[in-house]
Each structure stands twice: as C-alpha cells, then as structure tokens.
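The values are calculated or read from the model by the stated rules, or taken from the named source; none is laboratory data. Everything numeric in this text was worked out from a predicted model, so none of it was measured. Positions of Cβ are generated from backbone atoms using ideal geometry, with glycine treated the same way; all protein chains shown enter the neighbour counts. We work out accessible area using only protein heavy atoms, side chains counted, and drop any ligands, DNA or RNA first. Shrake-Rupley method; radii C 1.70, N 1.55, O 1.52, S 1.80 Å.
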Amino acid sequence: MQQRPLGRSGLTVAPLAFGGNVFGWTADEATSFKLLDAFVDAGCNLVDTADVYSRWAKGHSGGESETVIGRWLKQSGKRNRIVLATKVGMDMGDGKVGLAPRYIRQAVNDSLRRLQTDHIDLYQSHQDDPKTPLEDTLSTYADLMREGKVRAIGASNYTAERLPRYETLQPLYNLMERPAYEEQLEPLCRREGLGVINYFGLASGFLTGKYRSEADAAKSVRGGNLVKKYLNDRGRKVLDALDSAAAQHKATPAQVALAWQMARPGLTAPIASATSVAQFEELAGAARLSLDAATLAAIDAASR
C-alpha cells in the first residue's frame, strides 16, 4: 500500500489509520487481535489510541485500549510493522489530566508499560491545556525524544491560534463536519507541513449509510446518539451522493467517504474503526479506490 509522509517526522504511513478506541470496549481482546493482524496484513501501519480509551465505558478506568494493543504486540511480535500513536491530556481521574511536565512524564511511562514497548512513535497532546505554558509542554516532549521514549509529537483538538509546531494534527473532520478544519486549520497545516490524521472520518458511522432514520440510530451502542444530528436534509443529500458514487465505482458508501478524504490535499490518513475483520476489510478498500474529479466534485457540493 502507498505510504505518505507523516509531517516532517521521517515516519511514513498508509493512507488509512485504525482508531483504537474500540479495543477492549466494543471489540473484545480476541477480536481486537484479529483486527490488528488484518490491519497490518493489508499493508496498513498507523494504529492510533489514547490513554483515556475507554474510560467512558461502565467499569473501565482508562488504559484498556493500550493494554490490549500491548498484549497483541507481545504475542504477535509485530512492533516493527506499525507506527504506534497514543495521546495524553484527557482526564484520567484522581487529578491525572493536562499537559504539565510532571504529569506528562508519569503518563508516558504508564502508556509505555501498558503498550509493552520502549518507545511511542507518535505522542500526541489530546487537547489543549491553557493552564500550562506551551513551552513547558514542548520542552518535556523534547526531553522524551532525546531519551528515545518518543519519536515524534502531534496534537489533537487544538485551534489554529494555539497550535505550536507539532508534526501532526488530529482534528475532527469528515463530510458532515467541514468548516472547523477547512477554514483555519487546513491552511495552517498545509503551510507548515503538518501531517493530518483526522478522527471520526465516518461521522460516527453515519457515512456508512447504515443510519438513515431515528430507528436505525436507536440500534447502535456506539453511534446512535452521535449520528442523530446528521439525520436531516443535508445528511440525506450527502448519503445520496455517496450512494451514487458507490454504484458508479462498485464500492460502498463508507469506502467512497474515506476515499474522498484521502484525495484531499494535505490530508495524510483518516482514522476509522471497525469491530469485525469483514468491516475492516471493507474500509481498507477505500485505499484502493480512485475517485475521478467529477465524483469528487459532486460529493464536495453535496456536503457543503
């Protein structure tokens, strides 16, 4: 599979990233192992997770996703086949939150232990921490890079005004959520050469086409409440455009939605999750799908 530069980090990644929020949550450990094996066997390599995944689930305290990935790495021996990305900064409880130097040092060691590895390829600030000076956070990251614990640094959920020179940005971006990224963050990322690995690439599953009514949304544990806001005239217009393109290119709406993002200049790799190998194999087909200019324009017009 083709490789793209991840900012100026020297790392290269396939144009589809796997979102590890499902590991240990909606995908049990055995399924997660199968998904990770299928992912690398397909020629993909960027696995994205966070220390806080999946603290929101009943009975979870955070670290579940990293723990599953760590066990897979130990069992599979495939550490050298993935670019491993995780994040720090979200509230882990007991005052463990933010980007202060002392906390970052604690958090990175906790992540390394759970991941059962000696280094993180891409360590990301999960959200801005206005209480901590940017230079304090960045100097701590610089120390971790010198120590070999981190290879490159990135950010997620930052505004353009507060975004310092990271190597990557992880913004919310998809066909239903465009202005926040396109108006300010995209020009900055392209000008500064940041890699962009957007999350919610399928709009919480809406762009797969499986949610077309309130009744459909009610069936989902993961996406139900999140997709209800898209069940409107604009959402239906976008799904119609995806259906049309899918029929034309013998693809699925999800593949078309991801391929549209992959074709956007400056965007490195959309992040998408799957909870079965069959579901992942469908998503992986997006990286082999080349959309013509007319199709790209039609989807663009429908989603504006």
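Looking only at the stretch 273-285, decide whether some residue is open to solvent by less than 10 Å² (accessible area, probe 1.4 Å) and touching a Lys or Arg at 6+ places or on another chain (Cβ under 8 Å).
No; the residues of the stretch 273-285 include none that is open to solvent by less than 10 Å² (accessible area, probe 1.4 Å) and touching a Lys or Arg at 6+ places or on another chain (Cβ under 8 Å).
Say we look at the stretch 65-81 and pick out the residues that are buried (at least 22 other Cβ atoms within 10 Å of the Cβ) and not acidic (Asp, Glu); which of these is farthest from the chain's Cα centre (by Cα)?
The selected residue is TRP72.
Among the residues of the stretch 278-293, is there at least one that is farther than 30 Å from LEU122 by Cβ and either in a helix (DSSP H, G or I) or under 21 Å from the mean Cα position of the chain (by Cα) (or both)?
Within the stretch 278-293 (the criterion being farther than 30 Å from LEU122 by Cβ and either in a helix (DSSP H, G or I) or under 21 Å from the mean Cα position of the chain (by Cα) (or both)), the answer is yes, since at least one residue qualifies.
Could we say that GLY62 is farther than 30 Å from GLY95 by Cβ, of a type in the set (Gly, Ala, Ser) and either without any contact (Cβ under 8 Å) to a residue 12 or more places away in the chain or open to solvent by 10 Å² or more (accessible area, probe 1.4 Å) (or both) here?
When the stated conditions are applied, GLY62 does not pass them.
Of the residues in the stretch 36-57, how many are touching a residue at least 40 places away in the same chain (Cβ under 8 Å), hydrophobic (A, V, I, L, M, F, W, C) and surrounded by 22 or more Cβ atoms within 10 Å (Cβ to Cβ)?
6
In the list ALA245, ALA257, which residue meets the criterion of being open to solvent by less than 20 Å² (accessible area, probe 1.4 Å), of a type outside the set (Ser, Thr, Tyr), more than 30 Å from TYR53 (Cα to Cα) and in a helix (DSSP H, G or I)?
After applying the criteria, what remains is ALA245.
Among the residues of the stretch 263-272 satisfying the criterion of being of a type outside the set (D, E, K, R) and farther than 30 Å from GLU29 by Cβ, which is least open to solvent (accessible area, probe 1.4 Å)?
Among them, the one singled out is LEU267.
Restricting to the stretch 229-242, name every residue that is in a helix (DSSP H, G or I) and open to solvent by 10 Å² or more (accessible area, probe 1.4 Å).
Within the stretch 229-242, LYS229, TYR230, ASP233, ARG234, ARG236, LYS237, ASP240, ALA241 meet the criteria.
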